Structure formats: C-alpha cells, structure tokens
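J.: Quick one: this structure, given as structure tokens, is what I'll be asking you about.
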Amino acid sequence: MLQVIIPAYNEVARLPRTLRELRRHVARSATLAGRVEVLVVDNASTDATAEVARAADSAALPVRVVACATPGKGAAVRTGFLAAAPDAEVIGFMDADGATRLDALDRAMRLLDAGAEVVIGSRGLADSETEARHSRLRDHGARAYRACAARIVPGVADTQCGFKLLRADLARSVAADLRAEGFAFDVELLARARAHGARIVEVPVWWVDVPGSTFDPARHGLDSFTELARIAWRGRRHGFAPAAAPVVPLRPVVPFGAVELPLVAGGER
Ligand SMILES: Nc1nc2c(ncn2[C@@H]2O[C@H](COP(=O)(O)OP(=O)(O)OP(=O)(O)O)[C@@H](O)[C@H]2O)c(=O)[nH]1
Ligand SMILES: [Mg+2]
C-alpha cells in the first residue's frame, strides 16, 4: 500500500480538486488502483481543511485526517510519516496544490516496486516540464537556494519539488530524526536518507504553478536559508551530511554578485 501524505495549511480552496483528481487517477491506473490511501495532515488550519478532506473519503481512495499543531511544512510531513498506516510499504508526500502531474506517481511506484528506496520528482532534469509564474525575486532566490542545498545533498537537481516517495521503513527512520520544521526540511530528509545508505532516484515531472501558493518569498525566504544553514551544521555534527561537499560557485548563479551566503556545508568558508 502507498500512503500519500498531504500536508495542508488552510487548503480549503485547493485540496478538494487535488483529492478528486487523485481519486480519478488512482482508479484508472493499473499500477495504483486499490493500493493508495491518503493521510491529510491538517497543520492547524483556521479554515475547513479537515472537513473538506474528510468529505473526500471514499472506497476508491480512503482519506484519513490527522492534526499537527506545530506550524511548518516539515513538521506536518514528519507528523504524517510517523502516523502512516502500519501496513504501508511506501510512504510519500505531495502538496495540496496538485502542481505535479499525477503520472509521476505511477512511475515512482514502479521504480519502488522494482527495488528503489527513494524516488523524488524533479523540475531540474532535461525531460522535466515546468509552467511557472514565479516572480524574478523568487527565481533568483531559488537559484541561490539550489546552490546551497547542493552542498548538503550533492547531485540532486531539485530538492524542493513537493513530490517524494520512500520505502516505508526508511521513511519512518528518517522522520524520527528529522528536525527541520519549515520549507527546507526536504534537504534534511534527503541527506538523512542518503546517510542510511539509500540512493535517491530523481524522476522528471510535469509541474504547473497553481495559484494560491502558501510559500511567501518575503516571509519564508530568509527562514529557508537559515534552516538550510542549521541542517548543514547538524549534518556535520551528526554525520548525515558530507563533511566536505563540493564548493558550488555562487557568484555565477546569484546575479546580485555580492551575496555571500553564510551556509558552509564543507567547512571551507
Ligand atoms: N506555508 C505553509 N504551508 C504548509 C504548512 N503546513 C503545511 N503546509 C503545506 O505545504 C504545502 C506547500 O505547498 P505550496 O503552498 O504549493 O508551496 P510550494 O510548493 O513550496 O510553493 P509553490 O512553488 O509556489 O507551489 C501545501 O500543501 C501547504 O498547505 C505551514 O505551516 N505553512
Ligand atoms: Mg506547490
């Protein structure tokens, strides 16, 4: 069984459509039909997120809801991983916006069925398709963020796509240790999975920007960099991130040249 975690904070507008499309997709899929259950983690929403999630429960796609009082996407996903059904063989998560086209689920499950341990959606591969309408500020920030994340999980093109599936035993072990509570948690998740010896398989996804993003560059941007720096520090201390990650040349990818990010995964600076 595949347990799909959907972290949700005030998602009354976007969640019903995502669950409807997921139910339709699963029912039509030879790989997924009868094998998927959803766990919506209601992250202290002030709207009717939990109610609309419960209303979507069906035999074709069972939907459970658990609550997470700690704010942050990382905290919500961790809660979901730890509350996953005991008979789940694979635990994954996707965002409530439904931005990643669902055929990625079939591809990822086939890879996991064939023995993969971690499969993640990627907007950074040659075959990825993205239709984004992000601001220039957010694009620049994302490039700088990728350069920093690459020092913690070298070789991963896109750490931030809200679409990741892990073998259930690995997901539970990693979640038990996960500390990052905000948007940068994916980087800690991947670094810890690698430290468990898992290989990360990136699959190209078709990704469409859905209005109503809960990520606000002004509010969450700086927090994400700070959180990355903390992950790098914890990674060195507890041995789950490389001690000497390759130095990524920041200047060419950060157009505002003078920006020197305080993140040091390898201790060179
Ligand atoms: N902002 C925020 N989102 C949360 C929180 N807890 C859970 N989430 C969920 O985390 C997911 C974040 O996805 P999006 O809002 O699409 O943001 P994003 O994918 O990082 O950014 P986009 O590229 O703009 O889509 C959504 O499902 C949110 O509902 C929280 O405390 N704050
Ligand atoms: Mg999103």
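J.: Going from the alpha-carbon gyration tensor of the chain, what semi-axes, largest first and in whole Å, does one get by taking the root of 5 times each eigenvalue?
T.: Numbers: eigenvalues 172, 80, 63 Å².
Computed over the chain, the values are 29, 20, 18 Å.
J.: Could you give the dipole magnitude of the stretch 68-139 about its Cα centre, charging the beta-carbon of Lys and Arg +1 and that of Asp and Glu -1, in debye to the nearest 20?
T.: That gives a dipole near 420 debye.
J.: When the scattering of the stretch 192-244 is computed by the Debye formula from its Cα atoms alone, each counted once and equally, what is log10 I(q)/I(0) at q = 0.14, 0.16, 0.22 Å⁻¹?
T.: Debye curve over Cα of the stretch 192-244, log10 I(q)/I(0) at q = 0.14, 0.16, 0.22 Å⁻¹: -0.64, -0.78, -0.95.
J.: Would you mind computing the Rg to Rh ratio of the stretch 121-224 from its alpha-carbon coordinates, Kirkwood style for Rh? List each step's numbers first, then the result.
T.: Details: Rg = 14.0 Å, Rh = 14.7 Å.
Taking Rg over the Kirkwood Rh, I get 0.95.
J.: Compute the acute angle (0 to 90°) between the alpha-carbon long axis of helix 185-195 and the principal axis of greatest extent of the alpha-carbon atoms of the chain; round to the nearest 10°.
T.: It works out to around 80 degrees.
J.: So who's got an amide H within less than 5 Å of the one on VAL36, skipping anything under 5 residues away but keeping other chains? H placed 1.01 Å off N, in plane.
T.: Counting only residues 5 or more places away or on other chains, the set is LEU2.
J.: Follow-up. Using the Karplus curve 6.51 cos²θ - 1.76 cosθ + 1.60 with θ = phi - 60°, work out ³J(HN,Hα) for each residue of the stretch 9-16 in order, rounded to whole Hz, and write x for Gly and Pro.
T.: 10, 6, 10, 4, 7, 9, 5, x
J.: Okay, next question. Based solely on its DSSP helices, what 222 nm [θ] is calculated for the chain when runs of n ≥ 4 H residues each add -39,500 (n - 2.57) and the sum is averaged over all residues, nearest 500 deg cm²/dmol?
T.: Value at 222 nm, helices only, nearest 500: -12000 deg cm²/dmol.
J.: Continuing with this model, one more query. Work out from phi, with θ = phi - 60° and the Karplus expression 6.51 cos²θ - 1.76 cosθ + 1.60, the ³J(HN,Hα) of each residue of the stretch 30-37, listed in order in whole Hz, and give x for Gly and Pro.
T.: Listing the rounded values in order: 5, 7, 10, 3, x, 10, 10, 10 Hz.
J.: How large is ³J(HN,Hα), in whole Hz, for each residue of the stretch 81-87 in order, when computed from phi with the Karplus curve 6.51 cos²θ - 1.76 cosθ + 1.60 and θ = phi - 60°, using x for Gly and Pro?
T.: Those phi angles translate into 4, 6, 9, 4, 4, x, 8 Hz.
J.: Order 149-156, 172-179 from most to least packed using the mean count of other Cβ atoms within 10 Å. Intermediate values should be presented prior to the final figure.
T.: Details: 149-156: 21.0, 172-179: 17.4.
Put in order of decreasing packing, that is 149-156, 172-179.
J.: How big is the Kirkwood radius of the stretch 150-199, worked out from every pair of different alpha carbons and given in Å to one decimal?
T.: Roughly 11.2 Å, rounded to one decimal.
J.: Let me ask you something else. Hey, what's the Cα Rg ratio for the stretch 58-176 versus the globular rule of thumb, 2.2 N^0.38 Å?
T.: 1.15
J.: Taking the Cα centre of the chain as the origin, how large is its charge dipole in debye, to the nearest 20, when only Lys and Arg (+1) and Asp and Glu (-1) carry charge on their Cβ atoms?
T.: In debye, rounded to 20, the chain gives about 480.
J.: Another question, if that's okay. Going toward the positive end of the dipole of the stretch 114-212, with +1 on Lys and Arg Cβ and -1 on Asp and Glu Cβ, which of GLY141, VAL201, SER173 do you reach last?
T.: Selected residue: GLY141.
J.: Also: So what's the angle, to the nearest 10 degrees on a 0 to 90 scale, between helix 136-149 and the longest Cα principal axis of the chain?
T.: So the helix axis and the longest Cα principal axis differ by about 80 degrees.
J.: A follow-up question, please. Based on DSSP loop calls and a cut-off of at most 11 other Cβ atoms within 10 Å, the longest stretch of the chain free of exposed GluC sites (Glu not before Pro) is what?
T.: 1-259
J.: What's the center-to-center distance, using Cα atoms, between the stretch 1-70 and the stretch 200-239 in Å?
T.: Taking the Cα centre of each part, the stretch 1-70 and the stretch 200-239 sit 22 Å apart.
J.: Calculate, for the chain, the solvent-accessible area per residue in square angstrom, rolling a 1.4 angstrom probe over the heavy atoms of the protein chains.
T.: So the chain comes to 45 Å² accessible per residue, rounded to a whole number.
The values are calculated or read from the model by the stated rules, or taken from the named source; none is laboratory data. Everything numeric in this text was worked out from a predicted model, so none of it was measured. All Cβ positions, glycine included, derive from the backbone under ideal geometry; neighbour counts span all protein chains shown. SASA here: full protein model, heavy atoms, side chains in, ligands and nucleic acids out. Shrake-Rupley method; radii C 1.70, N 1.55, O 1.52, S 1.80 Å.
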